[in-house]
Amino acid sequence: MAAKISGSGGGKYDIEQNSEINVTPFVDVMLVLLIIFMVAAPLASVTIQVALPPAVAEPSPNPPKPVYISIQSDGSVYIGDFRTDLSALGDDLRDNIGTRNPEKERIFIRADKDTMYGDFMGVMNMLQDNGFYSVALIGEEDN
C-alpha cells in the first residue's frame, strides 16, 4: 500500500485535480508532421532536365476597357462619367471605343431603378441603330 507523502490532508483515495494542459501529445504530433514534410518535400520536385522550345505564339492583348452607359431616373444618359444626348449616343460611343469593332464590343448598361421604360428602350434602340448588338445589363447584388 502506498501512502500520500505531500499535499493537503485527506483520505488515501482523494485525487487532486490537475488544471494544466498536457502539451506532450501535441508536440509529438507536430514533430511527426515535420518529419513527414521534410521527407516528402524533395520527392515533389522535378529532377529531370528538359530543354523547352521557345513559344512562338503572340501574347494575347489585354482585354479592352469596358464601356458603361448609365441612365438616371430623370432620363439623362452618361457614357462613363460624361453626359451625352440620346441623339449623339452612337457617335460618342464610337469615339469612346476607338478603332474596335462596334458589333463585337460589349456595352454595359446601368439604369436607375426608377428609370422610365421608354428612356431605357430609347437607349437600347440607339445602340442597335448604331451597330452595338452586344449589351449587358448590370444589377446590384442582393445580400
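Laboratory data are not the source of any read-out in this text; all were calculated from the coordinates shown. Quick caveat: nothing in here was measured; it's all calculated off a predicted structure. Reconstructed Cβ throughout: ideal geometry from the backbone, glycine too, with neighbour counts over all protein chains shown.
Can you find, within the stretch 82-99, the residue that is farthest from Pro63 (Cα to Cα) among those that are among the β-branched types (Val, Ile, Thr) and free of Cβ contacts under 8 Å to residues at least 24 places away in the same chain? Break it down into steps so the answer makes sense when it comes.
So in the stretch 82-99, the residues among the β-branched types (Val, Ile, Thr) come out as 84, 97, 99.
Then keep just the ones that are free of Cβ contacts under 8 Å to residues at least 24 places away in the same chain; that gives 84, 99.
Values: Thr84: 25, Thr99: 14 Å.
Top of the filtered list is Thr84.
Considering each residue of the stretch 48-86, count those that are outside any loop (DSSP other than H, G, I, E, B) and not aliphatic (A, V, I, L, M), and give that number.
Looking only at that region, the number is 6.
If we scan the stretch 100-111, do we find a residue that is within 27 Å of the chain's Cα centre (by Cα) and farther than 23 Å from Asn62 by Cα?
yes
Report yes if Glu141 is exposed (fewer than 10 other Cβ atoms within 10 Å of the Cβ) and among the charged types (D, E, K, R), otherwise no.
Answer is yes for this residue.
With respect to Val123, determine if the residue is part of a strand (DSSP E or B) and either of a type in the set (Phe, Trp, Tyr) or surrounded by 14 or more Cβ atoms within 10 Å (Cβ to Cβ) (or both).
Here the answer is no, as Val123 does not meet what is asked.
I'm trying to understand the selection: among the residues of the stretch 66-81, which are surrounded by 11 or more Cβ atoms within 10 Å (Cβ to Cβ) and either without any contact (Cβ under 8 Å) to a residue 12 or more places away in the chain or closer than 18 Å to Met116 by Cα (or both)?
Ile69, Ser70, Ile71, Gln72, Ser73, Gly75, Ser76, Val77, Tyr78, listed by residue number.
For the stretch 87-99: of the residues being under 31 Å from the mean Cα position of the chain (by Cα) and not in a helix (DSSP H, G or I), which is surrounded by the most Cβ atoms within 10 Å (Cβ to Cβ)?
For the stretch 87-99, the residue satisfying everything is Gly98.
If you scan the stretch 55-70, which residues turn out to be β-branched (Val, Ile, Thr) and farther than 15 Å from Phe132 by Cβ?
Val56
Counting only residues that are surrounded by fewer than 17 Cβ atoms within 10 Å (Cβ to Cβ), touching a Phe, Trp or Tyr at 6+ places or on another chain (Cβ under 6 Å) and touching a residue at least 40 places away in the same chain (Cβ under 8 Å), how many does the stretch 100-109 have?
Result for the stretch 100-109: 1.
Applying the selection to the stretch 108-134, what residues are touching a Leu at 6+ places or on another chain (Cβ under 6 Å) and under 21 Å from Pro64 (Cα atoms)? Talk me through it step by step, then tell me what you get.
Step one: filter the stretch 108-134 for residues touching a Leu at 6+ places or on another chain (Cβ under 6 Å), giving 109, 122, 126.
Of everything in the stretch 108-134, just one residue is touching a Leu at 6+ places or on another chain (Cβ under 6 Å) and under 21 Å from Pro64 (Cα atoms), namely Ile109.
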